[in-house]
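Right, one structure below, let's go through it.
The numbers here are math on the coordinates, done by the rules we state, and not lab data. Because the structure is predicted, anything quoted here is derived from the model rather than measured. A quick note on method: Cβ atoms are made from the backbone with ideal geometry, for glycine too, and the neighbour counts reach across all protein chains shown.
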């Protein structure tokens with residue numbers, strides 16, 4: 001049974017056209033994360049929510065925004081996608097940040113044309 | 001800053017044993033994780049070490065030496081399905097903290 005669900009699995013958008021990626025979880029975890037992973041590179045943390053508290057990484061571009069309307073859902077908004085934003089976007093959850101493993105969704109592969 | 005190093009690629013034969021190394025230099029340390037990631041799929045959790053020594057879990061074991069900033073993942077009785085990328089990740093401090101991932105080691109298991 002899927003625990004972290006990401007939709008869509010594949011997304012194509014045009015240069016500069018806003019796009020939203022979604023993530024939902026059935027684990028009732030407090031923490032949700034968004035990572036960007038480019039080919040053959042490490043997953044790079046963009047931001048995370050601890051409950052409703054939003055935490056942005058210092059080097060995350062302003063072009064990336066996030067919303068968490070409730071415990072189960074989290075969205076990644078890319079306001080004006082550039083060609084360099086083409087990547088796999090991974091959503092993950094954990095019960096707490098301190099000691100627990102992160103559960104990843106299957107990812108959304110974003111293509112920018 | 002955070003720096004995590006792993007070999008880019010490794011190859012091994014079905015049934016063999018392989019060791020994937022990871023070295024890290026981080027501003028703090030509060031645990032090291034290993035994840036497995038098959039091509040086009042999400043990472044899945046393999047192991048967690050916070051104290052020095054070896055943690056064994058079936059065919060997979062993970063070792064940590066905090067004084068050396070070093071860990072390895074040991075895979076025994078390799079199977080074709082073990083072909084994947086193996087990611088080392090470090091949590092840099094206790095409490096409210098996040099993970100920094102290495103680039104991953106692509107392991108190819110051949111018959």
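Numbers at a glance
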item	result
Order of B:71, A:39, A:22 - criterion: other Cβ atoms within 10 Å of each residue's Cβ, fewest first	A:39, A:22, B:71
Volume per residue that the Cα convex hull of the range A:1-101 spans, once the total is divided by residue count, Å³	111 Å³
Exposure proxy ranking, count of Cβ atoms within 10 Å, fewest first, for B:35, A:103, B:70	B:70, A:103, B:35
Per-pair calculated FRET efficiency, R0 = 35 Å: residue B:13 and residue A:72 via Cβ, rounded to 0.05	0.20
Computed P(r) (all Cα pairs; chain B; 10 Å bins; percent)	15, 49, 29, 6, 0
Full-stretch length increase - residue A:9, residue A:95 - with 0.36 nm per residue and alpha-carbon distance subtracted	28.5 nm
Three principal axis lengths of the range B:45-106 [C-alpha, angstrom, descending]	37, 23, 19
Orientation-averaged projected area, Cα convex hull of the range A:55-113 (nm²)	5.0 nm²
Estimated inter-spin distance, residue B:45 and residue A:55, nm [label 7 Å along Cα→Cβ]	1.6 nm
Semi-axis lengths, Å, the range B:3-68, gyration tensor of Cα atoms, sqrt of 5 times eigenvalues	21, 15, 13
Stretchable slack from residue B:23 to residue B:81, in nm (0.36 nm times residue separation minus alpha-carbon distance)	18.3 nm
The protein assembly as shown - convex hull of alpha carbons, volume per residue in Å³	122 Å³
Taking B:32, B:78 and counting other C-beta atoms within 10 Å, the order from fewest to most	B:78, B:32
Cα-based Rg and Dmax for the range A:1-40, where Dmax is the largest Cα-Cα distance (Å)	12.8, 36
